[in-house]
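Here the structure is laid out as structure tokens; the discussion comes afterwards.
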Amino acid sequence: MPPSLDHIDCWIFDLDNTLYPPSARMFDLIDERMGGFIMRLLGCDAIEARRVQKQYFHDHGTTMAGLMRHHGVDPETFLVDVHDVAMDRLVPDMRLRAGLERLPGRRLIFTNADADYSARVLAARGIADLFEGICDIRATRYTPKPDPAAYAAMVVHQNVDPAKSLFVEDMARNLTPAKALGMTTVWLDNGSESGHRDHLPDHVDFHVNDISDWLDTLPQPLGIL
């Protein structure tokens, strides 16, 4: 049986492919810009750029972390470049909004992206006003999930009690450090690229396929506490 949620007073959500579906293919746009950035940086072709991009993502948590470590890339230059994408693939989701509104307590974002891009995504989905704060890659000093240091920074930055917090993620590997801190974890298994990587069932309290479906299953009294 999944754990009770009566003790949860802080609801923490990943952003990309969590608060919008992978079918929106927003990451295709970011992938394309990352590929172009690497091609210019290394003077390589698109095939080699994609190999480097995905290798660094798997090895370091984000492509940016690998580029910083191996090539001394300035993170701000990278963030501004790759997140310069249009939001027209995203639309407001009233069902998602209603589900989020029913959650008692605080709602936060914890993302490997930057806060500026995150705010644009939330606005495009029609849910920006529902979130109290965003812990982005800058707040973690450019240390990405799933590095435990990123979670420790988030706990301090957002002043949360892990034992009373729930974390929703599409990347299974990013739940392990959250579980180690005592958080309740939700794996949104919705088809994200590499979402199953390093999946450890013991670190997942709720295994769901659709975030709105899951929110709709939560006990209605949650919304009136």
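Below are the figures for this structure:
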read-out	value
About the Cα centre, charge dipole magnitude for the chain (Lys/Arg +1, Asp/Glu -1 at Cβ), debye	180 debye
Unit charges on C-beta of K, R, D, E only; dipole of segment 64-103, Debye	340 debye
Volume per residue that the Cα convex hull of segment 94-191 spans, once the total is divided by residue count, Å³	101 Å³
Estimated 222 nm signal from helices in the chain, with DSSP H stretches of n ≥ 4 weighted -39500 (n - 2.57), rounded to 500	-11500 deg cm²/dmol
Filtered trypsin sites (Lys or Arg not before Pro), segment 95-166: DSSP coil and at most 10 other beta carbons within 10 Å	ARG141
Probe 1.4 Å, all protein chains present, accessible-area order of THR18, THR176, largest first	THR176, THR18
Among SER194, SER118, SER165, residue whose mean-square fluctuation peaks in a GNM of the chain (springs only between Cα atoms under 10 Å)	SER194
Residue-count net charge about ILE38 - beta-carbon cut-off 15 Å; Lys, Arg +1, Asp, Glu -1	-1
Highest-MSF residue in the chain out of GLY133, GLY43, GLY35 [GNM, Cα springs under 10 Å]	GLY43
Net charge, SER165 excluded, C-beta distance under 10 Å - Lys, Arg +1, Asp, Glu -1	0
Under 5 Å, built H, 5+ apart or other chain: amide partners of ASN17	none
Accessible-area value, LYS54, 1.4 Å probe, nucleic acids and ligands omitted, Å²	40 Å²
Carbon + sulfur, % of accessible area of segment 26-83 - ligands and nucleic acids excluded, 1.4 Å	54 percent
Mean accessible surface per residue for the chain, computed with a 1.4 Å probe while every protein chain stays in place, in Å²	46 Å²
Prolate/oblate/rounded call for segment 157-225, Cα gyration tensor, a/c under 1.5 rounded	oblate
Prolate/oblate/rounded call for segment 26-83, Cα gyration tensor, a/c under 1.5 rounded	rounded
DSSP-loop trypsin sites (Lys or Arg not before Pro) across segment 1-45, with at most 14 other Cβ within 10 angstrom	ARG25
Segment 147-225, accessible surface, carbon-and-sulfur percent (1.4 angstrom probe)	55 percent
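The values are calculated or read from the model by the stated rules, or taken from the named source; none is laboratory data. Everything numeric here is computed off the predicted structure, so don't read it as measured data. Cβ: placed from backbone, ideal geometry, glycine included. Neighbour counts: every protein chain shown. SASA here: full protein model, heavy atoms, side chains in, ligands and nucleic acids out. Shrake-Rupley method; radii C 1.70, N 1.55, O 1.52, S 1.80 Å.
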